[in-house]
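Participant: Could you have a look at this structure, given as structure tokens, before my questions?
The values are calculated or read from the model by the stated rules, or taken from the named source; none is laboratory data. Every value quoted in this text rests on a predicted model; they were computed, and no experiment measured them. Note that we place each Cβ from the backbone using ideal geometry, even for glycine, and neighbour counts take in every protein chain shown. Note: accessible area is taken over every heavy atom of the protein model, side chains too, but ligands, DNA and RNA are not part of it. Shrake-Rupley method; radii C 1.70, N 1.55, O 1.52, S 1.80 Å.
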Amino acid sequence: MPSLSPVLPSGEQRRVFHVAELEKLGVSQSTSYRRSRADGPWTRLAPGIVLAAAGPPTVDDRIQAALLHAGPTCVITGMHGARRYGLTAPPEDSPVHVLIPHTRRVQSYPMIVIERTTRMPQPEDRDGVPCAPPDRAVTDAARTWQTRELTEKLLVEATQLRSRCHPSALAIEMERGSRRGTGLPREILRELTVDLRSVAELNACRLLRKTDLPTPQWNVAVFDANGRFVACPDIWFDDVALAVEVDSFQFHFSRASYAETLTRNSRYAANGIAVLQLLPRQLTDRSGTVVASIRAAYDAAAARQRPEVTMRASRT
């Protein structure tokens, strides 16, 4: 049997083929289909497309199969498009979502979603895969009727690509495209108009909006009287110089992160800044207690003389 080892643009050995391509390499179509039966060493990934290798298909194999199935001028979008930009919230086992021009007709297949569109985006090459721009990919992922939890994680993580996925850019993309499935992501985006960086901060924002406490700032940089950087608190009540930090075990209690947290808190103390630390789970499991704690910390901070510290936006 001829060697099946063409090289992909990414430099990886090719594994996914049209049976017509394999025939040109000397493998008859009957052999390809026989090897792709349920008990064979290969796997059928789409009509006429096989994984010419033993074992289960990888994510890259499924993407390559979707590209072959969709044909020329197609673009990967949705969950797998978002993952190509480094997002981790989209599940690896999501169907591969592919955009094709509206004039073409290609049927979807299990684990491959084909969407015809009059708004074909200019593709961006991501390791050899043509992908929709990040705001389009994230928007297409968010409107696929996912749970609130997953949709929040996706949109919050996406907005960390600040120059590409600002909440306003995502909202504009949703206005331009199909409105089907956009109710939940639109609601979440309205809440992301403040400078939030995590789902925990989104939960805190919702919680504080229900109280009569002053509206805080989010993720602003705080400096001492001499202009030296102090910290960038998650939540900042500037009128009383109160910092509220939502410190998760995952991100703050490795050996290095724990040391950084102690150093940060020392800077707060040295500058007379009141600080309250919360855990993300408290925001949902003990919301009443959290509100009472923040209120008590705010009142205590208001009762002392405000230190000479200033704030400014930490990013644009």
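Participant: Looking only at residues in the stretch 114-149 that are assigned to a helix (DSSP H, G or I) and surrounded by fewer than 17 Cβ atoms within 10 Å (Cβ to Cβ), which one is farthest from the chain's Cα centre (by Cα)? Reasoning before the result, please.
Facilitator: Of the residues in the stretch 114-149, the ones assigned to a helix (DSSP H, G or I) are 134-142, 148-149.
Filter once more, keeping what is surrounded by fewer than 17 Cβ atoms within 10 Å (Cβ to Cβ): 148-149.
Working: Arg148: 13, Glu149: 12 Å.
Filtering first and then ranking leaves Arg148.
Participant: Moving to a separate point now. Out of Glu187, Glu173, which single residue is buried (at least 21 other Cβ atoms within 10 Å of the Cβ), more than 30 Å from Ala269 (Cα to Cα) and modelled with pLDDT under 90? Reasoning before the result, please.
Facilitator: Details: Glu187 fails: buried (at least 21 other Cβ atoms within 10 Å of the Cβ).
Result: Glu173 is the single residue among Glu187, Glu173 that is buried (at least 21 other Cβ atoms within 10 Å of the Cβ), more than 30 Å from Ala269 (Cα to Cα) and modelled with pLDDT under 90.
Participant: I'd like the full set of residues that are in contact with a Leu (Cβ under 7 Å, 6 or more places away or on another chain) and among the polar types (S, T, N, Q), limited to the stretch 262-316.
Facilitator: Listed by number, the residues that qualify are Ser287, Ser293.
Participant: Which of the residues spanning the stretch 85-112 are within 27 Å of Gln160 (Cα to Cα) and outside any loop (DSSP other than H, G, I, E, B)?
Facilitator: Our first condition is that a residue be within 27 Å of Gln160 (Cα to Cα); within the stretch 85-112, this holds for 85-99.
Val96, His97, Val98, Leu99, listed by residue number.
Participant: Identify all residues within the stretch 46-63 that are of a type outside the set (Lys, Arg) and either without any contact (Cβ under 8 Å) to a residue 12 or more places away in the chain or out of contact with any Phe, Trp or Tyr (no Cβ under 8 Å at 6 or more places or on another chain) (or both); write none if there are none. Full working, then the answer.
Facilitator: Just the residues of the stretch 46-63 that are of a type outside the set (Lys, Arg), to begin with: 46-61, 63.
Scanning the stretch 46-63 gives Gly48, Gly55, Pro56, Pro57, Thr58, Val59, Asp60, Asp61, Ile63.
Participant: Out of Ala204, Ala200, I need the residue that is farther than 23 Å from Ala137 by Cβ, at pLDDT below 90, under 17 Å from the mean Cα position of the chain (by Cα) and outside any loop (DSSP other than H, G, I, E, B). Which one? Reasoning before the result, please.
Facilitator: Details: Ala204 fails: under 17 Å from the mean Cα position of the chain (by Cα).
The conditions single out Ala200.
Participant: Same structure, new question: Given the stretch 13-56, what strands (runs of 3 or more DSSP E) lie entirely inside it while holding 1 or more residues that are β-branched (Val, Ile, Thr) and open to solvent by 20 Å² or more (accessible area, probe 1.4 Å)? Steps first, please.
Facilitator: On the way: elements: 16-18, 43-46, 49-51.
The strands (runs of 3 or more DSSP E) meeting that bar are 43-46.
Participant: Quick check on my filter: what residues within the stretch 150-170 are buried (at least 19 other Cβ atoms within 10 Å of the Cβ) and under 16 Å from Met79 (Cα atoms)? Steps first, answer last, please.
Facilitator: Kept after step one, since they are buried (at least 19 other Cβ atoms within 10 Å of the Cβ), are these residues of the stretch 150-170: 151-159, 165, 167, 169-170.
Thr151, Glu152, Lys153, Leu154, Leu155, Val156, Glu157, Ala158, Thr159, Cys165, Leu170, listed by residue number.
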